[in-house]
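The structure is given below, and queries will be raised subsequently.
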């Protein structure tokens with residue numbers, strides 16, 4: 001099946017409609033993965049009357065094939081959490097990719113995720129003791145979301161809820177073990193790229209994130 005969503009904003013509003021139990025709850029906050037999850041989070045948070053914030057993440061891509069991830073990084077409150085697909089990394093090493101090349105990817109992406117964390121205006125939300133809904137525009141492998149969930153737990157969240165408009169079964173299944181709840185509006189039988197489920201799927205830039213953060217209610 002083809003496109004399901006007009007754009008990320010509409011997807012966020014539809015996602016909010018699937019989460020009425022969280023509407024206006026004082027113990028709940030919503031985070032959007034930077035950068036594509038931020039427009040989703042902004043619209044969902046407005047509909048649910050929840051405070052929201054950004055959660056910087058970076059995929060760890062194979063050298064020369066950056067769209068294929070061997071892991072991901074996420075940062076919350078200055079702490080960077082790394083999630084690596086160890087069996088996949090072992091297979092890459094057997095194929096001749098050097099550990100030093102993978103380490104260099106981690107170094108560069110950690111610098112970028114830390115840069116983004118510093119570039120986005122605060123204040124950051126307190127996550128300790130909160131129910132934290134983590135939203136993105138979709139999950140293909142789920143590596144970025146797994147890193148995000150672990151980072152949010154490390155920040156002291158009482159409960160972590162994953163919410164996305166579209167997900168692959170490959171991503172959904174392990175996250176059901178990692179998060180307290182996972183909400184996906186659409187799980188295709190044969191998953192394609194996340195962008196194929198949107199009519200409009202332009203790249204989200206840093207200035208888009210900054211602009212949306214500036215619209216947050218006090």
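Give me the distance between the Cα centres of region 43-82 and region 167-218, rounded to whole Å.
Distance between centres, Cα-based: 10 Å.
So, one more: Count the DSSP beta bridges whose two residues both fall in the chain, then state the antiparallel fraction as a percent rounded to the nearest 5. Working shown, then result.
On the way: 12 of 34 bridges.
Of all bridge pairs located within the chain, approximately 35 percent are antiparallel.
With the chain treated as a Gaussian network of Cα nodes joined by springs under 10 Å, which of 146, 116, 202 yields the largest mean-square fluctuation?
Judging by the Gaussian network model, the answer is 202.
Let me ask something else. Run the paramagnetic zone check for residue 124: 7 angstrom along Cα to Cβ, then residues of region 58-75 with backbone nitrogen under 20 Å.
It comes to 58-60, 72-75, nothing else.
Still on this structure, I have one more. Bin width 10 Å, origin at 0, all Cα-Cα pairs of region 91-218: what percent of pairs per bin?
Taking all Cα pairs of region 91-218, the binned fractions are 11, 30, 40, 18, 2, 0 percent.
Would you mind computing the Rg to Rh ratio of the chain from its alpha-carbon coordinates, Kirkwood style for Rh?
Rg/Rh for the chain comes to 0.95.
Another question about this same structure. Run a plain Debye calculation on region 112-166 (Cα atoms as equal point scatterers, no solvent) and give log10 I(q)/I(0) at q = 0.14, 0.28, 0.32 Å⁻¹, rounded to two decimals, same order as the q list.
The Debye formula, applied to the Cα set alone, gives -0.42, -1.17, -1.17.
Here's something else I'd like to know. Kindly put 8, 35, 13, 205 in sequence by how many other C-beta atoms sit within 10 Å of each C-beta, fewest to most.
205, 13, 35, 8
How fast does region 1-106 diffuse by Stokes-Einstein, in µm²/s, taking the Kirkwood radius from C-alpha pairs at 37 °C and 0.692 mPa s? Before the final figure, lay out the partial values.
Numbers: Rh = 16.0 Å.
The diffusion coefficient I find is 205 µm²/s.
Modelling each spin label as a point 7 Å along the Cα-to-Cβ direction, I'd like the residue 21/residue 94 distance in nm, to one decimal.
4.2
Continuing with the same structure: Can you give me the distance in nm between label points at residue 6 and residue 206, each placed 7 Å from the Cα along the Cα-to-Cβ direction?
3.1
Between 169, 30, 55, which gets the highest mean-square fluctuation from a Gaussian network model of the chain, Cα cutoff 10 Å?
Among 169, 30, 55, the largest GNM mean-square fluctuation belongs to 169.
In addition: What list do you get for 196, 143, 100 if you sort them by fewest beta carbons within 10 Å?
100, 196, 143
Any read-out appearing in this document is the output of simple, stated calculations on the displayed coordinates, not a laboratory observation. Being a predicted model, the structure only gives us computed values, none of them experimental. So basically every Cβ, Gly included, is an ideal-geometry build from the backbone, and we count neighbours across all protein chains shown.
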